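Report on the structure given below.
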Amino acid sequence: MKAWFDRQPNTVKASFYALSAAILAACFTLTIRYATAEIHPYQAVFLRFAFGLILIAPFVVGRGIGTLRTTRLPLLGLRGVLSAAEMCLWFMAVLYLPLAEATTLNFTVPLFGTILAAVILRETVRIHRWLAVLIGFIGVGLIIQPGTAAMQPASLLPIAAAMCMACAGMITKQLVRSENTTSLLFYLMIITTPVSLIPALFVWQTPSLGALGLMAVAALMMNVMQICNIKALQLADYSFFVGFSYLRLPIIAILALIAFGEVPDIWILPGGAMIIGAAIYVALRERKLASAIADIPAQDPQAAMVADDKKSS
């Protein structure tokens, strides 16, 4: 099988890895729903990070402690706190909301990323991306239906999780310029584990072996999913990869229907289409602009001015 797989075109291999990542993301969400039926979401978050730390430790030992040298601990710490908050909010959303709705609303991460880039980084975001953000949030409104009896307060949980994820993502973009992948993963786990333990202690109950097993499997799935994402991006362009990441919505909808009998609300279809369409447009637009900037020779000041103008669009 390995020899056959190695002979396949890069697009086929990239599709396999990207689809595997989407399936793993959906299975992770389903596993969390089962685990949080027994233990509190805060406790599940702590166990997820604790098992993640155990899994990443051998890689750190193999590469040497020297790979962990850093001068950016405050930024790493802030990223860890935001990631722990995001995971707490997401696990509660998975427990209290239909899985298809929670997943769809969590797709707003790129939309919040655009807003944060404009407000915090002072980037000039022009009409095309603002329209995409507006369309995306109209889709959010269709799903949560604010001001009506159909609105659930829990619908705000995946949106708040997306906000925290977008903030953490902004910090990660700064950190990847100076930190290696092993260091980023290790510091994420070593910071989030004690941070997530604090709220977990207030709701702690001795988990069964079944719950521990579920959280260990969940942590393993997340690690393998990250590897699949990296492999897919190494083999194919981001524009090819990005569509696969949203396949976890129909996958989780099918799994939730089979496992819990959850039938997605009718407004998931138009609302989800608007959110996913807007998120894909924003992601591809940012990718295209970043590629255009990278192609400009650094020694050409006039070209650099043109690149800055393109970036502002």
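Remarks
- Residues that are of a type in the set (G, A, S), at pLDDT 90 or above and more than 17 Å from A102 (Cβ to Cβ) within segment 150-182 comprise just one, A168.
- Members of segment 116-144 found to be surrounded by fewer than 16 Cβ atoms within 10 Å (Cβ to Cβ) and part of a loop (DSSP other than H, G, I, E, B), listed by number: I120, L121, R122, E123, T124, R126
- The residue list I56, I39 contains one member that is closer than 30 Å to T206 by Cα, of a type outside the set (F, W, Y), part of a helix (DSSP H, G or I) and in contact with a Leu (Cβ under 9 Å, 6 or more places away or on another chain), which is I56.
- Pairs linking a residue in segment 5-18 that is farther than 16 Å from F244 by Cβ to a residue that is among the aromatic types (F, W, Y) and in a helix (DSSP H, G or I), with Cβ atoms under 8 Å and 6 or more positions apart or on different chains, are F5/F16.
- Matching residues, segment 90-129, being within 19 Å of R33 (Cα to Cα) and among the hydroxyl-bearing types (S, T, Y): Y96, T103, T104
- Only one of the listed residues (L188, L201) is closer than 30 Å to L75 by Cβ, among the aliphatic types (A, V, I, L, M) and buried (at least 18 other Cβ atoms within 10 Å of the Cβ). That residue is L188.
- Test for A200: is it at pLDDT 90 or above and touching a His at 6+ places or on another chain (Cβ under 8 Å): yes
- Scanning segment 265-282 for residues that are within 13 Å of I144 (Cα to Cα) and surrounded by fewer than 21 Cβ atoms within 10 Å (Cβ to Cβ) yields a count of 5.
The values are calculated or read from the model by the stated rules, or taken from the named source; none is laboratory data. Just so it is clear, the structure is predicted and the values come from calculations on it, not from any experiment. Virtual Cβ from ideal backbone geometry, glycine too; neighbours counted across all protein chains shown.
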